[in-house]
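Let me begin by presenting the structure, written as structure tokens, before commenting on it.
The values are calculated or read from the model by the stated rules, or taken from the named source; none is laboratory data. Note that the structure is a prediction, hence the values are computed from the model and not measured. Positions of Cβ are generated from backbone atoms using ideal geometry, with glycine treated the same way; all protein chains shown enter the neighbour counts.
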Ligand SMILES: C[S@@+](CC[C@H](N)C(=O)[O-])C[C@H]1O[C@@H](n2cnc3c(N)ncnc32)[C@H](O)[C@@H]1O
């Protein structure tokens, strides 16, 4: 399949799935490869023939939707973010929760891929917090639309490339070597529960003290859907809860109740306290 053919197909199809071409421009090679494989499996010659197939077969949209999932992730992705979370943001959140008499910090990782992001939070909790975590439990819900990735996440075994960016002391403490793979220890894995969920259709209710929504909604989704989902995310944050985006992402303008925090690395927003004062 020629690149121009694939691009034309994506420009037509993505908005119908709530997505936008701009988010895919740089990563289209992997998506186009999968679509080309699908065309071969269906015996179709090109993008126009696939478009005709989509127009006549509503079930094929689900197949295309799955082909368009970009699944890249790794532990400690965006190092500046994790340094900030460990050094300042999570300890402050923990102190605030304890002063309100809460017993757990509840976090949600939306679009968690194979578990790299929620397990990095578990490692941060175990390795970096010390007294700031005393008396508090960490509970992480990690959701993704892709059942295969969630299966891998539950297995919690990774290649060296996935864990390369973790601080060496965290890596050594959190994993056991199994041949050439790294297996996450149960003491870390136990913090995280995985759930299959399409964020366009459903979200866990919360309220959440910490939401990671990185490299999914605010990269690949259409502008109207970004706005709708940003409002839903804000509504699911607890007072003073934090929303973390990906390194190259921005929130749509004018989302009520969220204030950006100054600092290095990817954008972080804090939910205002108004809910508590109501
Ligand atoms: C690029 S990865 C980001 C992983 C991680 N958040 C990070 O930043 O490293 C995007 C993830 O979103 C998932 N995803 C794609 N569409 C989704 C949807 N509609 N609902 C939930 N998850 C989705 C993909 O399966 C993939 O695991």
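Counting residues in region 134-141 that are under 18 Å from residue 214 (Cα atoms), surrounded by fewer than 21 Cβ atoms within 10 Å (Cβ to Cβ) and either in the same structural domain as residue 37 (by TED's automatic domain parsing) or touching a helix residue (DSSP H, G or I) at 6+ places or on another chain (Cβ under 9 Å) (or both) gives one or more. Applying the set (1) crowded, with 20+ Cβ neighbours inside 10 Å; (2) more than 9 Å from the ligand (Cβ to nearest atom); (3) part of a loop (DSSP other than H, G, I, E, B) to residue 211 leaves exactly one unmet item: (3). Where helices (runs of 4 or more DSSP H) fall wholly inside region 152-199, the ranges with 3 or more residues that are assigned by TED's automatic domain parsing to the domain that holds residue 112 and either more than 21 Å from residue 124 (Cβ to Cβ) or in contact with a helix residue (DSSP H, G or I) (Cβ under 8 Å, 6 or more places away or on another chain) (or both) are 168-174, 186-189. Put simply, of 225, 237, 233 the only residue that is in contact with a strand residue (DSSP E or B) (Cβ under 9 Å, 6 or more places away or on another chain), farther than 20 Å from residue 150 by Cβ and either outside the structural domain of residue 141 (by TED's automatic domain parsing) or within 10 Å of the ligand (Cβ to nearest atom) (or both) is 225.
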